């Protein structure tokens, strides 16, 4: 299964909690001398537009957040600035895509909102 992280928040009621420990975003595990790619599913929250979330996947969460905040992504440009809410580390691109699809579904969106409210009131 993947590892989930809830990231620091600059919101009034924000908190910092790390649910699992492992390598930081973009870093790769080494197995048998080979580099193994890691994929991440991430959730961003708009700092200016209320509860607007964006779900994506990438090999480098840090780079993707910078791209979203620089306006390079058309679908997120109008809701900048974005802050990383949480991300999950997955073992394969296929696994990451499945998690991304889940978070974009109705029950996945509800799961994101529940995590948000738990983190804001914790």
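The values are calculated or read from the model by the stated rules, or taken from the named source; none is laboratory data. All values reported here derive from a predicted model rather than from experimental measurement. Don't worry about glycine lacking a Cβ; one is built from the backbone with ideal geometry, like all the others, and counts go over all protein chains shown.
General remarks:
- Residues (surrounded by fewer than 13 Cβ atoms within 10 Å (Cβ to Cβ) and assigned to a helix (DSSP H, G or I)) located in the stretch 99-122: 106, 107, 110, 113, 114, 117, 118, 121
- Every test in (1) in contact with a strand residue (DSSP E or B) (Cβ under 8 Å, 6 or more places away or on another chain); (2) at pLDDT 95 or above is passed by residue 30 save one, and that test is (2).
- Hits in the stretch 97-122 - residues which are under 16 Å from residue 42 (Cβ atoms) and free of Cβ contacts under 8 Å to residues at least 60 places away in the same chain: 97, 98, 100, 101, 102, 104, 108, 109, 111
- Residues of the stretch 74-96 classified as touching a helix residue (DSSP H, G or I) at 6+ places or on another chain (Cβ under 6 Å) and either without any contact (Cβ under 8 Å) to a residue 24 or more places away in the chain or surrounded by fewer than 18 Cβ atoms within 10 Å (Cβ to Cβ) (or both), total: 2
- Tally of residues being closer than 18 Å to residue 88 by Cα and outside any strand (DSSP E or B) across the stretch 50-65: 7
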